[in-house]
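The values are calculated or read from the model by the stated rules, or taken from the named source; none is laboratory data. Everything quoted here is computed from the prediction, not taken from an experiment. Cβ placement follows ideal geometry from the backbone for every residue including glycine, while neighbour counts extend to all protein chains displayed.
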């Protein structure tokens, strides 16, 4: 075969482009300015299935549970912390919160409180002891009267023991004591009760207009075992939260906490 003449160009037939199949789906372009466009990077659009709403609902539920846990845990810590602190100082009166009594004889829980109040009085922290607590149906004595008799029998002058025989729960007792304090012209008090009851008692006393500190008992049925202590911390945490929410005292006749 002879070579093509110099300067001549080989002719080529034009190549055909492959036909485009119009039935093949095209990927839509991602519009970065559109916050609702999820076509980019394989992000599935779940709006139709309601998943974002489920996620926000779960977050709200988890957040609520965390807040509740913090409130309950913080309150329980304060109950425990106040139970361990002695606020002993000179005051106008040592206030003993009543508990069960049987025909004028204080129950073991009440007797433990009275003995602690007696020691504070003998230390000279207050010129008077106030016993408080009403009576239940069929009782001959109020809790306040039973406490007063107990203290007088152990050497406290009758003139130094004031019985406020009112109140079927802690809040009612604090209102009655605050009224007596205003009548007699005193305002500061050192509250004697069980350790786990101290924070709620002080809170109610302050809300009633008294200037109060606490001096918890360290002996008695309520502080004997860790199981008992845990049970009362749990109970008092719920009782304090109930008071903060409702403004009422949650005691019943079977609690023995007055």
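Assorted remarks:
- Residue 200 being modelled with pLDDT of 85 or more and surrounded by fewer than 17 Cβ atoms within 10 Å (Cβ to Cβ): no
- Selection over the range 176-193 of residues that are assigned to a loop (DSSP other than H, G, I, E, B), in contact with a helix residue (DSSP H, G or I) (Cβ under 8 Å, 6 or more places away or on another chain) and over 23 Å from residue 135 (Cβ atoms) gives a count of 1.
- Answer residue from the range 214-224, given it is surrounded by fewer than 21 Cβ atoms within 10 Å (Cβ to Cβ) and assigned to a helix (DSSP H, G or I) and is modelled with the highest pLDDT among those: 221
- When residue 123 is tested against (1) modelled with pLDDT of 90 or more; (2) under 30 Å from the mean Cα position of the chain (by Cα); (3) over 21 Å from residue 178 (Cβ atoms), just one condition goes unmet, and that condition is (2).
- Of all residues in the range 145-169 being in a loop (DSSP other than H, G, I, E, B) and free of Cβ contacts under 8 Å to residues at least 60 places away in the same chain, the one that is nearest to residue 240 (Cα to Cα): 166
- Test: residue in the range 90-102 that is surrounded by 11 or more Cβ atoms within 10 Å (Cβ to Cβ), more than 21 Å from residue 171 (Cα to Cα) and in contact with a helix residue (DSSP H, G or I) (Cβ under 7 Å, 6 or more places away or on another chain): no
- Residue within the range 179-193 that is touching a strand residue (DSSP E or B) at 6+ places or on another chain (Cβ under 8 Å), at pLDDT below 95 and crowded, with 24+ Cβ neighbours inside 10 Å present: yes
- Scan of the range 134-171 for residues that are touching a strand residue (DSSP E or B) at 6+ places or on another chain (Cβ under 8 Å) and on the phi > 0 side of the Ramachandran plot, ordered by number: 167
- Enumeration of residues in the range 151-172 that are more than 30 Å from residue 248 (Cα to Cα) and surrounded by 13 or more Cβ atoms within 10 Å (Cβ to Cβ): 151, 152, 156, 160
- Residue 108 meets each of the listed conditions (1) closer than 30 Å to residue 231 by Cα; (2) surrounded by fewer than 22 Cβ atoms within 10 Å (Cβ to Cβ); (3) modelled with pLDDT of 95 or more apart from (3).
- Residue 134 vs. criteria free of Cβ contacts under 8 Å to residues at least 40 places away in the same chain, assigned to a loop (DSSP other than H, G, I, E, B) and surrounded by 14 or more Cβ atoms within 10 Å (Cβ to Cβ): yes
- Just one of the listed residues (253, 211, 145, 227) is at pLDDT 95 or above, surrounded by fewer than 23 Cβ atoms within 10 Å (Cβ to Cβ) and either touching a helix residue (DSSP H, G or I) at 6+ places or on another chain (Cβ under 9 Å) or more than 21 Å from residue 115 (Cα to Cα) (or both), namely 211.
- Residue 172 vs. criteria part of a helix (DSSP H, G or I), modelled with pLDDT of 85 or more and within 22 Å of residue 135 (Cα to Cα): yes
- Of the residues screened, residue 78 is not one that is surrounded by fewer than 20 Cβ atoms within 10 Å (Cβ to Cβ), in contact with a helix residue (DSSP H, G or I) (Cβ under 7 Å, 6 or more places away or on another chain), closer than 18 Å to residue 215 by Cβ and at pLDDT 95 or above.
- Here residue 209 meets the list (1) within 24 Å of residue 175 (Cβ to Cβ); (2) touching a residue at least 60 places away in the same chain (Cβ under 8 Å); (3) in a loop (DSSP other than H, G, I, E, B) almost entirely, failing just condition (2).
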